[in-house]
Amino acid sequence: MGRHPLELLTSSLVHVNSETMLKDTVDMRLFWPEDQDIVEDVSFIVRVAISCINSNPEFRPTMQHVSKLLLSCSPSLPRRNVQTVSD
């Protein structure tokens, strides 16, 4: 199972490569994609997410920066229509 975000802050994951970090972060019970592009997209998104929970607020990206980062990888991500959830 994946680790809780607070565990990531205190662990030694900062000192390991991104593949190890991804395997420690993502719930391994989930289907692991064979497409390397998808693995790279997930890895990128996990790195962005971890940067958002940095223990030092000065090193956290702004939401505007996060938005730009996620939009930069969006061409390889599938486009989905956002639907309104109603009662």
Within region 55-87, residues being modelled with pLDDT of 90 or more, exposed (fewer than 11 other Cβ atoms within 10 Å of the Cβ) and basic (Lys, Arg) number 0
Kindly provide the set of residues from region 37-62 that are among the hydroxyl-bearing types (Ser, Thr, Tyr) and over 18 Å from residue 24 (Cβ atoms), ordered by number.
-> 62
Identify all residues within region 29-58 that are in a helix (DSSP H, G or I) and of a type in the set (Val, Ile, Thr); write none if there are none.
-> 38, 39, 42, 45, 46, 48, 50
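Quick check on this structure: which one of 26, 16 is in contact with a Gly (Cβ under 7 Å, 6 or more places away or on another chain), at pLDDT below 75 and not polar (S, T, N, Q)? If you could, list the steps in order and put the result at the bottom.
Values: 16 fails: in contact with a Gly (Cβ under 7 Å, 6 or more places away or on another chain).
Sole residue among the options that is in contact with a Gly (Cβ under 7 Å, 6 or more places away or on another chain), at pLDDT below 75 and not polar (S, T, N, Q): 26.
The values are calculated or read from the model by the stated rules, or taken from the named source; none is laboratory data. Nothing here was measured: the structure is a model prediction, and the numbers come from that model. As a convention, Cβ positions derive from the backbone with ideal geometry for all residues, glycine included, and neighbour counts pool all protein chains shown.
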